[in-house]
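Since the structure comes first, as structure tokens, the remarks are kept for the end.
The values are calculated or read from the model by the stated rules, or taken from the named source; none is laboratory data. Because the structure is predicted, anything quoted here is derived from the model rather than measured. Here the Cβ positions follow ideal geometry from the backbone for every residue, glycine too, while neighbour counts run over all protein chains shown. Accessible surface areas use protein heavy atoms only, side chains included; no ligands, DNA or RNA. Shrake-Rupley method; radii C 1.70, N 1.55, O 1.52, S 1.80 Å.
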Amino acid sequence: MSNTYKQAGVDKEEGYQTVSKIKKAVAATHNENVLNGIGSFGAFYQLGGYKNPVLVSGTDGVGTKLRVALDSKVYDTVGIDCFAMCANDILCHGAKPLFFLDYLACGKLDSDIAAEIVGGIAQACKETGTALIGGETAEMPGMYQVGDYDVAGFCVGVVERDEIIDGSKIKAGQTIIALPSSGFHSNGFSLIRKIFPDFNEEFEGKPLFETLLVPTKLYQNDIFKIKDAEIEMSGIAHITGGGLIENVPRIINDGLTAVIEKAKIHVPTVMQELAKRGNIAEEEMFGTFNMGVGMVVIVDQTDAEKVLNIIDGSAVIGEIQEGADKIILK
């Protein structure tokens with residue numbers, strides 16, 4: 001008897017079903033700039049309406065938050081996470097996301113699960129006006145266990161050259177404003193899973209996994225509301241792995257210090273519980289998790305109140321001062 005690909009663990013028919021199930025959701029994200037449909041070898045996106053456009057790209061994954069999702073059988077939120085982790089990064093430079101591509105790998109493909117994951121990506125794309133123009137689904141028996149999935153993505157956006165935000169305009173006396181996170185987002189889950197091994201335990205009146213799986217907040221509307229109000233943002237930092245301690249210094253010039261007051265940060269109760277139950281030092285918490293701050297924007301002091309009025313939940317957490325250390329938490 002001859003061998004087949006299916007006998008080796010790869011079911012092509014399940015792959016075809018996946019494409020069929022996601023086709024409508026993917027097509028709903030397309031606009032007049034997308035020049036071809038799903039199934040081509042490459043994706044085409046025409047760029048127009050810009051004077052001196054610069055493309056800005058970012059790639060990321062969801063990490064071990066996927067373990068929580070898979071064990072809890074909740075699959076759509078991690079798709080939103082995948083998109084948000086990439087799109088929020090390029091927003092830090094003032095870029096508007098244009099299109100997105102995803103990569104989904106597994107041990108044995110289940111078209112229903114794959115369609116839910118990609119459906120979450122498509123939902124986030126549609127909410128932000130981003131076209132989901134391509135992707136890859138890889139079934140790899142022997143590399144992944146049956147039931148395991150990994151997901152990553154790649155986002156491309158555009159910004160006018162003279163509107164690029166890169167931190168070069170940050171100066172002493174400016175104000176540091178926190179935009180609230182929606183939870184842990186997609187970082188630190190290896191430690192979270194160690195301290196919270198039972199995702200079904202009750203926390204604040206519901207299963208813990210519901211709190212852990214709240215998807216990463218999409219900051220596009222917030223950033224462009226600030227921009228549309230003609231408020232100049234000298235710097236933007238996406239607070240991901242490494243927390244405030246590692247991410248804020250990435251936009252701070254030599255000779256300047258971001259002085260942040262911890263008392264002004266609203267730390268979510270689930271993060272407080274994690275620190276308490278795991279006996280995790282405060283420095284470790286601030287160097288691993290976002291601590292309730294999903295994004296930081298730096299503006300002139302005279303514009304700070306305007307930002308607070310525009311963005312719900314935003315708060316002043318510090319200021320830029322002269323100094324040798326890029327960041328000081330006090």
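Some points to look at:
Yes or no, residue by residue, for (1) modelled with pLDDT under 95; (2) under 24 Å from residue 327 (Cα atoms); (3) among the hydroxyl-bearing types (Ser, Thr, Tyr):
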{"position": "177", "(1), (2), (3)": "no, yes, no"}
{"position": "183", "(1), (2), (3)": "no, yes, no"}
{"position": "199", "(1), (2), (3)": "no, no, no"}
{"position": "203", "(1), (2), (3)": "no, no, no"}
{"position": "213", "(1), (2), (3)": "no, no, no"}
{"position": "223", "(1), (2), (3)": "no, yes, no"}
{"position": "230", "(1), (2), (3)": "no, no, no"}
{"position": "234", "(1), (2), (3)": "no, yes, yes"}
{"position": "289", "(1), (2), (3)": "no, yes, no"}
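- When 105, 69, 87 are checked against the criterion of being at pLDDT 95 or above and touching a Cys at 6+ places or on another chain (Cβ under 8 Å), a single residue qualifies: 87.
- Search result, residues across the range 1-23 that are free of Cβ contacts under 8 Å to residues at least 60 places away in the same chain and of a type in the set (D, E, K, R): 6, 12, 13, 23
- Strands (runs of 3 or more DSSP E) contained in the range 114-192 and holding at least 3 residues surrounded by 18 or more Cβ atoms within 10 Å (Cβ to Cβ) and under 15 Å from the mean Cα position of the chain (by Cα): 149-160
- Enumeration of residues in the range 309-320 that are under 16 Å from residue 245 (Cα atoms) and open to solvent by 30 Å² or more (accessible area, probe 1.4 Å): 319
- Long-range neighbours under 6 Å by Cβ, at least six apart or interchain, first residue farther than 18 Å from residue 128 by Cβ within the range 24-51, second of a type outside the set (Lys, Arg) and in a strand (DSSP E or B): none
- Taken over the range 103-112, residues that are crowded, with 20+ Cβ neighbours inside 10 Å and outside any loop (DSSP other than H, G, I, E, B) amount to 2.
Let's see how each residue does on (1) part of a loop (DSSP other than H, G, I, E, B); (2) open to solvent by less than 10 Å² (accessible area, probe 1.4 Å):
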{"position": "247", "(1), (2)": "no, yes"}
{"position": "272", "(1), (2)": "no, no"}
{"position": "288", "(1), (2)": "yes, no"}
{"position": "307", "(1), (2)": "no, yes"}
